[in-house]
């Protein structure tokens, strides 16, 4: 079977997902994408450019999988001479109905934000199958869709929510986790407890909550060090500058690990991964840390509970800021016990060796 993946935002986790599945699928998978920048313009205009490039080539796919960044309806309209009978699916890495808006974004206050959510809705309605990277993502999108449609003046067609639900499935993100095995040190963790941040340096990951917890632990004279990894963009939240000043010598790394070998080594070295995000539909970087046996402290919300077996929720999930602080302090004080936990098996099933066959089967069963 020939599968075409359409990704107007081919960078970061979107690019890894598309290219890694293409390399591991039992089917013939081709990726057609655009540079990962100007995300709003990609959602508006990416379908036009990708349609032109598709028509200029000779691809004859049996199935098209579009990411949530593509306006699938526009792409299919422009290519209907060659795609009218091709089965289609949308893969939701994120969605624009429930994604938190940045305070620096002027579109919401100018009432220009609804169209991005409508693109997601129309694409899901046009597709033969809809895949979400977590149960939380599927449920939250569909829960938001009915009031979203109901807010329009008439003909909201809210009955389409049920139609989309019927064709929706959870298909977790596949990850190249076994790649981390090559960088595992044979030496046990030692020295001062090491806390790690490996998210993007952005508002939706709530770095304020993360660093405020560390400030309070510092005031309690708790022993710890911190490695601040993750990609930094043009305007990182101010809390990072404050953290560098207040935590001082406790910070043993402050900046993006450009090299994967270095990144993997830091995760294997780290002891604890506290997570404070206000948004995550899956949480690839958190899963990577869990795979490397960083003890995760995760909120009882978003997609995170799906990464921990239910019988272990009490040990790894917290309810509020005070809960996080108490659990983090306890893990630091009992660091040898913390280092004795093995969490890799919680998430090893997300490796492509398991996920690629699942993708293949689900695509075959739902689309053919």
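Observations on the structure shown:
- Restricting the range 265-319 to residues that are over 19 Å from the mean Cα position of the chain (by Cα) and in a loop (DSSP other than H, G, I, E, B), the residue that is farthest from residue 342 (Cα to Cα): 319
- Out of 8, 61, one residue alone is more than 24 Å from residue 354 (Cβ to Cβ), surrounded by 14 or more Cβ atoms within 10 Å (Cβ to Cβ) and within 22 Å of the chain's Cα centre (by Cα). It is 8.
- Of all residues in the range 199-238, those being part of a helix (DSSP H, G or I) and more than 26 Å from residue 265 (Cβ to Cβ) number 8.
- Of the residues 269, 273, 250, the single one that is under 21 Å from residue 331 (Cα atoms), at pLDDT 95 or above, surrounded by fewer than 19 Cβ atoms within 10 Å (Cβ to Cβ) and in contact with a strand residue (DSSP E or B) (Cβ under 7 Å, 6 or more places away or on another chain) is 250.
- Filtered by the rule that a residue be touching a residue at least 60 places away in the same chain (Cβ under 8 Å) and crowded, with 18+ Cβ neighbours inside 10 Å, the range 141-174 gives 171, 172, 173, 174.
- Test: residue in the range 233-245 that is within 18 Å of the chain's Cα centre (by Cα) and over 21 Å from residue 295 (Cα atoms): yes
The values are calculated or read from the model by the stated rules, or taken from the named source; none is laboratory data. Quick caveat: nothing in here was measured; it's all calculated off a predicted structure. Backbone-built Cβ (ideal geometry, glycine too); neighbour counts: all protein chains shown.
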